[in-house]
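Below is one structure, written out as structure tokens; comments come after it.
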């Protein structure tokens, strides 16, 4: 059996060959939508999180998945005020170190503090139920946590009071270190250090202030024999190299950075990489075809060595389930990849004219395939159609339209077919992707013949 | 160009605030934007010249370096801070009409959204580029924007949103402002926002970074 889950991810992390690219949908508050509750109810209940992630696993067939995606957990414990929103993770609205608190008044969160017990409980339960799927434990990266604690003043303090920033970053690193250890002990396989705010600084500032605190956290993860990922979002292209130098096992980026750029640097440094499905314009607002094309674009650009397919960041709550399923089926099916690849080049084509295609006294069956000669599901579908139609003699006209040919694609467009293979009976997409049992196919043909005689 | 104005421009470009400021290291122990601006005005340099021949060229240079990825947010913020310090000396002259700010920018994070970091960065950089900035804070309704516009006719509005869900409010607020004051220019930004979205909702500018907003304003006001 081919690799999947953590086993497959491990191969990607180690840059070993894989037969399929691993897929890690970053389900955060989207899990709340899957179980029908609001974000606050979800993110404050281990039962809801377990149910939401369970549903996501069932729907999206992932190799790995985050337990919780919420970068406010540590900040909340350390005194940042949160405001909750029904369909998003909470927002930090106060920065204690900018409002009178001092660094020595803050202490490292313990496993009983704030919402940490909820996350740990959810992790333990998911670990038990899904022993093979990689569970990602997320921690707030030190620079982003420093921003939560001090606000934008941090940027100026880099120059005006560098010693203070070093102390603050050392504290934030210890917070991350402790949180990572707790998540590992509860059963996480991968710890993601999520530090989006580093996208705002230059490589020199990164090296001066961020590299050492973050490297320390990755070292802890390595000592525990677990894997690490460094998530960043936004325009962080300038920092990819210094991020790699912090020695994570993986770098994960969003659509703001070209995937091939990250690929080149990461692989050169011997580090795996992941990303960067477009979150809003495609996954949230696009349709299934957009999602498939986007995923295929990532797969083709990234190649199979050391790549993990993932969204750019936390999935928006209302991301349509079908779009994520479309990505999932594409990842797991090379035929769909091939078909989508062919469609990629078809956008400027016009649909084929259907004039003269239909017969007054015959049932017309069109089978849209990749190519029944090379695609196994297509082959079985053609065989099924031929067998079922055999009993009806010349009452049935069967055509295969291979979308490897331009006219096949144009016919697919004319018939409004979106999946391959599909059986259309008299122009109606009757069986999509699945090969119907002979009896069902015969019954459908019979119905249309009766309608002709009608 | 006046040597003093050139020095002021350098202070802005490199983020040298005042004598005491340790940054940038190569200017340690030297006077900064604060002292030099005061000196220029004392010596009788017209306030408008201090603004347009000293401060603004410095800010333009740092803006250009930002666009070329030679400097990043922290450096630009230091420049903006140096600029703000210098502008304090010019404030009485703005009030008297002896110097004019480039224009007014009204900014806020849209209704339902409480994120302020991106909005604050934009506000600081726009202010540092010589504009009057009215920061309405977070969770701002269309009515509040419209009231601020009534008090500041001709101002450009900046809308920020970090959440995919509040992008919708960005659309509503844009529509309401345009309905009430069709001439108003609206710039939008924030993590989930894009050029396509900007076109879709009928806003006038999308910028991926604060410098983009400054450039948009410069086009409109110069």
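Remarks
Table: residues versus (1) surrounded by fewer than 17 Cβ atoms within 10 Å (Cβ to Cβ); (2) at pLDDT 90 or above.
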{"position": "B:30", "(1), (2)": "yes, yes"}
{"position": "B:51", "(1), (2)": "no, no"}
{"position": "B:68", "(1), (2)": "yes, no"}
{"position": "B:72", "(1), (2)": "no, no"}
{"position": "B:77", "(1), (2)": "no, no"}
{"position": "B:109", "(1), (2)": "no, yes"}
{"position": "B:112", "(1), (2)": "no, no"}
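- Scanning the stretch B:175-190 for residues that are at pLDDT below 95 and crowded, with 20+ Cβ neighbours inside 10 Å yields B:189, B:190.
- Positions within the stretch B:70-94 being out of contact with any helix residue (DSSP H, G or I) (no Cβ under 7 Å at 6 or more places or on another chain), more than 10 Å from chain A (Cβ to nearest Cβ) and over 21 Å from residue B:30 (Cα atoms), in sequence order: B:91, B:92, B:94
- Residue in the stretch A:203-214 that is assigned to a helix (DSSP H, G or I) and either within 26 Å of the chain's Cα centre (by Cα) or not assigned by TED's automatic domain parsing to the domain that holds residue A:65 (or both) present: yes
- Look at (1) more than 14 Å from chain B (Cβ to nearest Cβ); (2) crowded, with 17+ Cβ neighbours inside 10 Å; (3) in contact with a helix residue (DSSP H, G or I) (Cβ under 7 Å, 6 or more places away or on another chain); (4) not in a loop (DSSP other than H, G, I, E, B) and you find that residue A:109 fails only one, number (4).
- Number of residues in the stretch B:199-213 that are assigned to a helix (DSSP H, G or I), within 12 Å of chain A (Cβ to nearest Cβ) and buried (at least 21 other Cβ atoms within 10 Å of the Cβ): the value is 2.
- Residue B:7 vs. criteria under 26 Å from residue A:162 (Cα atoms) and within 14 Å of another protein chain (Cβ to nearest Cβ): no
- The lone exception for residue A:356 - which of (1) farther than 26 Å from residue A:137 by Cα; (2) within 14 Å of another protein chain (Cβ to nearest Cβ) it fails: (2)
- Taking the numbered list (1) touching a strand residue (DSSP E or B) at 6+ places or on another chain (Cβ under 9 Å); (2) farther than 26 Å from residue B:91 by Cα; (3) within 14 Å of chain A (Cβ to nearest Cβ) in turn, residue B:135 passes all entries but (2).
- Helices (runs of 4 or more DSSP H) contained in the stretch A:367-454 and holding at least 1 residues more than 29 Å from the chain's Cα centre (by Cα) and more than 21 Å from residue A:289 (Cα to Cα): A:376-390, A:438-453
- Residue within the stretch A:163-171 that is in the same structural domain as residue A:105 (by TED's automatic domain parsing), modelled with pLDDT of 95 or more and assigned to a strand (DSSP E or B) present: no
- Condition check for residue A:356 on (1) over 16 Å from residue A:434 (Cβ atoms); (2) within 31 Å of the chain's Cα centre (by Cα); (3) not assigned by TED's automatic domain parsing to the domain that holds residue A:61: one failure, at (2).
- Qualifying positions in the stretch A:315-340 - surrounded by 24 or more Cβ atoms within 10 Å (Cβ to Cβ), within 14 Å of chain B (Cβ to nearest Cβ) and without any contact (Cβ under 8 Å) to a residue 60 or more places away in the chain: A:323
- The stretch A:232-252: number of residues that are within 14 Å of chain B (Cβ to nearest Cβ) and over 21 Å from residue B:210 (Cα atoms): 3
- For the stretch A:13-20, the criterion of being under 27 Å from residue A:337 (Cβ atoms), in a helix (DSSP H, G or I) and in contact with a strand residue (DSSP E or B) (Cβ under 6 Å, 6 or more places away or on another chain) is met by at least one residue.
- Residue identified as free of Cβ contacts under 8 Å to residues at least 12 places away in the same chain and away from chain A (no Cβ under 14 Å) among B:97, B:154: B:97
- Within the stretch A:112-138, considering residues that are part of a loop (DSSP other than H, G, I, E, B) and without any contact (Cβ under 8 Å) to a residue 60 or more places away in the chain, the one farthest from residue A:75 (Cα to Cα): A:131
- Test for residue B:148: is it without any contact (Cβ under 8 Å) to a residue 12 or more places away in the chain, assigned to a helix (DSSP H, G or I) and farther than 21 Å from residue B:117 by Cβ: no
- Odd one out for residue B:172, checked against (1) more than 27 Å from residue A:86 (Cα to Cα); (2) surrounded by fewer than 18 Cβ atoms within 10 Å (Cβ to Cβ): (1)
- Any hit, the stretch A:47-67, residues being in contact with a strand residue (DSSP E or B) (Cβ under 8 Å, 6 or more places away or on another chain), closer than 30 Å to residue A:106 by Cβ and either touching a residue at least 60 places away in the same chain (Cβ under 8 Å) or surrounded by 18 or more Cβ atoms within 10 Å (Cβ to Cβ) (or both): yes
- Options A:193, A:154; residue that is surrounded by 19 or more Cβ atoms within 10 Å (Cβ to Cβ) and at pLDDT 95 or above: A:193
The values are calculated or read from the model by the stated rules, or taken from the named source; none is laboratory data. Keep in mind the model is a prediction, meaning the values are calculated, not measured. Every residue, glycine as well, gets a Cβ built from its backbone with ideal geometry; the counts of neighbours run over all protein chains shown.
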